[in-house]
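Beneath this line is the structure, given in structure tokens, with notes to follow.
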Amino acid sequence: MSFILPALPFPINALAARGMSQETLELHHGKHHNAYVTALNGLVDKNDALKGKTLEELIKLSYGKDTLQPVFNNAGQHWNHSTFWLSLAPDGGGIPGRLEKKLTEDFGSVDKFKETFKAAALGQFGSGWAWLVQGPTGKLQILKTSNAGTPLATGEGKVLLVLDVWEHAYYVDFRNRRPDFTDNFLNKLANYERAAAELEKS
Ligand SMILES: [Fe+2]
């Protein structure tokens, strides 16, 4: 069974009024994400040991193995992007009270959470991802990963929210201004409702 590009969970023009244009989504979802899915299917087709595995299994088994680096890169990028689309919402940016309480407990305040998340997004040199996860102790944490890196591989926590900080995520709308792209995500696009729902699954 081949992996498929998941449909966006909102119309392709639904985020345009809040800073993520249809053109960005056509390129990012339709071209970049799709290319990772196509490449992953090609790699699995050529390796019997990989056939029949779930995406999560492929990420975990290829993590840290030089010979399977292309598998990790494409599987990780497929999972990370699929999670990124779920981290966006046309009415995003509003933090439900139950999540606000937890953010305040673990970071000191919502502003401090945003400041820490932004520092991770900007501190990721080159391509990568910024994450809000619930760590193994139950405490919320901010992580950053490079390239296709993902907390799914390392077991560092359950992902609540993720931001793609590869240039292809923001160059059309924000040119080189990653700080503005990150602020826009945190204040206008982030799907905190889903983050709260994920938190409650624990
Ligand atoms: Fe991306």
Its Cα gyration tensor gives the range 49-96 an equivalent ellipsoid whose semi-axes in whole Å, largest first, are 30, 10, 8
For the range 152-168, take each phi angle, set θ = phi - 60°, evaluate the Karplus expression 6.51 cos²θ - 1.76 cosθ + 1.60, and give the result in whole Hz per residue in order, putting x for glycine and proline.
4, 6, 9, x, 6, x, 7, 6, 9, 7, 9, 10, 7, 10, 5, 4, 5
Give me Rg/Rg_expected for the range 92-190, where Rg uses Cα atoms only and Rg_expected = 2.2 N^0.38 Å with N residues.
1.04
Sequence gap at least 6, Cα distance under 8 Å: using those rules, report the relative contact order of the range 78-178 to the nearest whole percent.
27
Interchain or sequence-distant (5+) residues whose placed amide H lies within less than 5 Å of the amide H of L161 are L132
Out of the total accessible area of the chain (probe 1.4 Å, heavy atoms of protein only), what percent is carbon and sulfur?
52
With the other protein chains left in place, how much accessible area per residue, in square angstrom, belongs to the chain at a 1.4 angstrom probe?
47
Set K118/K158; K31/K60; K60/K139 screened for pairs whose C-alpha atoms are more than 21 Å apart:
K31/K60; K60/K139
Loop-located chymotrypsin sites (Phe, Trp or Tyr not before Pro) in the range 117-161 whose Cβ has at most 13 other Cβ within 10 Å (DSSP):
F125
Per residue of the range 82-88, what does 6.51 cos²θ - 1.76 cosθ + 1.60 with θ = phi - 60° give for ³J(HN,Hα)? Whole Hz please, x for Gly and Pro, Karplus curve as stated.
4, 6, 4, 4, 6, 8, 10
Can you run phi through the Karplus equation (6.51, -1.76, 1.60; θ = phi - 60°) for the range 6-14 and list ³J(HN,Hα) in whole Hz, with x for Gly and Pro?
x, 5, 5, x, 7, x, 5, 9, 6
Based on the alpha carbon coordinates of the chain, what radius of gyration and maximum Cα-Cα distance (Dmax) apply, in Å?
16.6, 50
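The values are calculated or read from the model by the stated rules, or taken from the named source; none is laboratory data. The model shown is predicted, which means the values in this text are computed figures rather than measured ones. Cβ atoms come from the backbone with ideal geometry, glycine included; neighbour counts cover every protein chain shown. Only protein heavy atoms, including side chains, enter the accessible area calculation; ligands, DNA and RNA are left aside. Shrake-Rupley method; radii C 1.70, N 1.55, O 1.52, S 1.80 Å.
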